[in-house]
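Encoded as structure tokens, the structure appears first; notes follow it.
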Amino acid sequence: METPDPITPDQLEKINTGIRDMVQFGESKNGVLMAANLAILYNVAGKAISFAGTAEAILSTAAIALFAVSSLILIYSIVPKLKFVKSGNPLFFGSITKMSRDEYVQLCAKLSKDELARYYAEQIHVNSGFAVRKFRDFKRAAFFAVPSYVLFAILYLI
């Protein structure tokens, strides 16, 4: 049985680029939902708060509470959750900034293909966690946003 060729740093860099694209896509989705939340707040929430009837006040309160939870999840999603480790990864900006320019250049000059592949694999793993969190946060925020939009629409049509 033939042993497969080891994965190359170039192949890992392509995988890493794909994962970074997914992180950016997750950020974009969260930004669009946040923009929708802000548009709803600007256009509808003021009217929803002004209701005097009990049923309307209850619907209004529920809509605003759901809306607030959705928005808080999105704000939480935007805040970076970076963990800096002492060992460092020369592909991670947090590790790079801890080195002088000369130290970084010397480190890169000494890296073997195997070491570079390992650093790419570490970065892919970390970025994958970011992407999963962005998508999970979007799903949670949408779970609260959609019912709030429905309630706001009902209140708006009353």
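The values are calculated or read from the model by the stated rules, or taken from the named source; none is laboratory data. Predicted model, so just to flag it, every value in this text is computed and none were measured. With ideal geometry, Cβ positions are generated from the backbone for all residues, glycine too; neighbour counts draw on all protein chains shown.
Quick rundown of the values:
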quantity	calculated
So Pro80, is it outside any helix (DSSP H, G or I) and within 30 Å of Leu41 (Cα to Cα)	yes
Helices (runs of 4 or more DSSP H) fully within region 85-158 counting 2 or more residues that are of a type in the set (Ser, Thr, Tyr) and surrounded by 13 or more Cβ atoms within 10 Å (Cβ to Cβ)	113-157
Count of region 50-104 residues which are more than 25 Å from Phe135 (Cα to Cα), at pLDDT below 85 and among the basic types (Lys, Arg)	2
Residue check for Val146: of a type in the set (A, V, I, L, M), free of Cβ contacts under 8 Å to residues at least 40 places away in the same chain and out of contact with any Lys or Arg (no Cβ under 9 Å at 6 or more places or on another chain)	yes
Filter result for Ser28 (at pLDDT 80 or above, of a type in the set (Gly, Ala, Ser) and exposed (fewer than 15 other Cβ atoms within 10 Å of the Cβ))	yes
Filtered residues of region 7-17 (kept if part of a helix (DSSP H, G or I), of a type outside the set (D, E, K, R) and loosely packed, with under 14 Cβ neighbours inside 10 Å)	Gln11, Thr17
Residue satisfying condition, being closer than 30 Å to Pro6 by Cα, out of contact with any strand residue (DSSP E or B) (no Cβ under 9 Å at 6 or more places or on another chain), in contact (Cβ under 8 Å) with a residue 12 or more places away in the chain and acidic (Asp, Glu), within set Glu122, Glu103, Glu115	Glu122
